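Working notes for the structure below.
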Amino acid sequence: MEKFRLPAEWEPQEAVLLAWPDEHTDWNYILDEAQLCVGQIVDRITRYARVVLITHRTAPELSRYISHLERVTLVDVPYNDTWARDFGPITLTDDNGSFRSLDFMFNGWGLKFAADKDNQITSRLHRILDFKSQYVNKRGFVLEGGSIESDGDGTILTTSTCLMKGNRNDEMSLADVEAYLKSAFNAHTVLWLEHGELAGDDTDGHVDTLARLAPGKTIVYVGADADDTDNGSELAAMEAELKIMAEKYGYRLVSLPNPDAIYDEDGLRLPATYANFLIINGAVIMPVYGQPENDAIAIESIASAFPGYIIETVDCNALIKQHGSLHCVTMQLPEKSIRL
């Protein structure tokens with residue numbers, strides 16, 4: 001009997017899905033800045049895997065921003081925004097090399113933003129591209145890719161706030177949601193975080209902004225800063241939860257610095273985080289924010305969690321202006337799950 005599982009992000013990947021910031025998206029007011037940033041992310045990824053890029057632009061138009069377009073497959077489908085982590089396919093695999101592509105409901109983080117086109121992207125991609133995975137409609141359950149972490153061996157790390165808050169599975173109890181996650185991902189353990197949501201976070205506490213699973217039973221997480229009046233108490237409470245998890249399940253904890261506060265033009269705190277990194281075929285591509293001391297500490301910490309990996313950086317000050325970062329705009333596609 002086929003036994004499908006959700007692979008860890010550090011397992012081999014064929015490609016990474018992104019969507020291009022365009023004038024029809026919320027990036028219009030800082031369009032060139034956003035395009036330069038995403039172009040840099042694409043170029044970093046193409047060193048390690050191919051890229052599937054959702055865009056209405058042609059290759060000549062994109063050549064200003066992307067150096068290695070020969071490693072990029074362009075797909076023109078309707079889209080609302082660029083957060084591929086949350087609307088992209090979540091791919092399962094089994095020991096026989098088969099794949100299933102799960103398409104969950106994406107409703108703009110609880111109907112905060114329009115998502116009608118984004119919610120159709122996974123099904124549309126499956127009609128256009130040469131996926132080797134079986135498409136599975138899971139739109140009866142609201143789930144964004146940034147809300148879950150997998151170790152590839154049956155453990156899921158998540159937060160309760162983003163799975164059960166404000167127009168997202170409100171009718172279900174935590175026990176119901178846990179049972180659903182175990183069934184959908186063939187998992188035996190769900191680790192819940194109740195704290196840590198960052199000020200300014202539209203996702204209501206996605207785990208990929210807070211705590212990430214890494215090889216060797218490691219969790220990389222955003223550490224608490226007692227001087228941070230916006231996030232300090234929540235992150236301290238999350239750290240206490242993680243220490244209990246570490247003792248119970250044998251995890252090594254690696255703390256990341258909390259970036260110095262970044263504010264939008266209205267003076268509101270933005271959810272900058274170093275935890276929002278992408279793991280891709282022996283490399284970690286991580287966000288930095290032009291804060292030399294914090295950036296250097298974060299690089300060192302991530303390198304300690306991923307020994308032998310190449311660490312790449314991209315300045316993500318542009319992305320944080322729309323309340324997301326590097327991992328949020330990417331979704332990996334496992335090796336051999338698609339032919340490009």
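The table below gives the values:
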{"item": "Entries in 117/165; 112/243; 3/217; 3/165 that, when Cα-Cα distance is taken, lie over 28 Å", "result": "112/243; 3/165"}
{"item": "Student exercise, the chain dipole from Lys, Arg, Asp, Glu Cβ charges, in Debye to nearest 20", "result": "1480"}
{"item": "Additional length obtainable on full extension of the chain from residue 33 to residue 111, 0.36 nm per residue less Cα span", "result": "25.4 nm"}
{"item": "Debye log10 I(q)/I(0) at q = 0.09, 0.10, 0.21, 0.22 Å⁻¹ for segment 1-106, Cα point scatterers", "result": "-0.27, -0.33, -1.15, -1.23"}
{"item": "Accessible surface of the chain, 1.4 Å probe, proportion on carbon and sulfur as whole %", "result": "48"}
{"item": "Gain on full stretching of the segment that runs from residue 293 to residue 123 - 0.36 nm per residue minus C-alpha separation", "result": "56.9 nm"}
{"item": "Separation between Cα centres of segment 42-64 and segment 6-37, rounded to whole Å", "result": "9"}
{"item": "Highest to lowest packing among 60-73, 137-150, scored as the average C-beta count within 10 Å", "result": "137-150, 60-73"}
{"item": "Quarter of the Cα convex hull surface for the chain, i.e. its orientation-mean projected area (nm²)", "result": "16.0"}
{"item": "Neighbourhood charge, 12 Å Cβ-Cβ cut-off, centred on residue 163 and excluding it, Lys, Arg +1 and Asp, Glu -1", "result": "-4"}
{"item": "Residue-averaged 222 nm ellipticity for the chain, from DSSP H runs of 4+ at -39500 (n - 2.57), nearest 500", "result": "-7000 deg cm²/dmol"}
{"item": "Percentage of interatomic Cα-Cα distances in segment 129-193 larger than 14 Å", "result": "59"}
{"item": "Net charge of Cβ neighbours under 12 Å - reference residue 131; Lys, Arg +1; Asp, Glu -1", "result": "+3"}
{"item": "Note, ³J(HN,Hα) from phi for segment 149-163, Karplus 6.51, -1.76, 1.60, rounded to Hz, x at Gly and Pro", "result": "10, 10, 8, x, 10, x, 10, 10, 10, 8, 10, 6, 5, 8, 9"}
{"item": "Inter-part distance where segment 287-337 and segment 176-199 are each reduced to a Cα centre, Å", "result": "24"}
{"item": "Contour minus Cα-Cα distance for residue 171 and residue 186 (0.36 nm per residue)", "result": "3.1 nm"}
{"item": "Per residue convex hull volume, Cα atoms of segment 272-340, in Å³", "result": "95"}
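The values are calculated or read from the model by the stated rules, or taken from the named source; none is laboratory data. This one's a predicted model, so the numbers in the text were calculated from it and none came from an experiment. Cβ sites come from the backbone with ideal geometry, for glycine too, and all protein chains shown count toward neighbours. Accessible surface areas use protein heavy atoms only, side chains included; no ligands, DNA or RNA. Shrake-Rupley method; radii C 1.70, N 1.55, O 1.52, S 1.80 Å.
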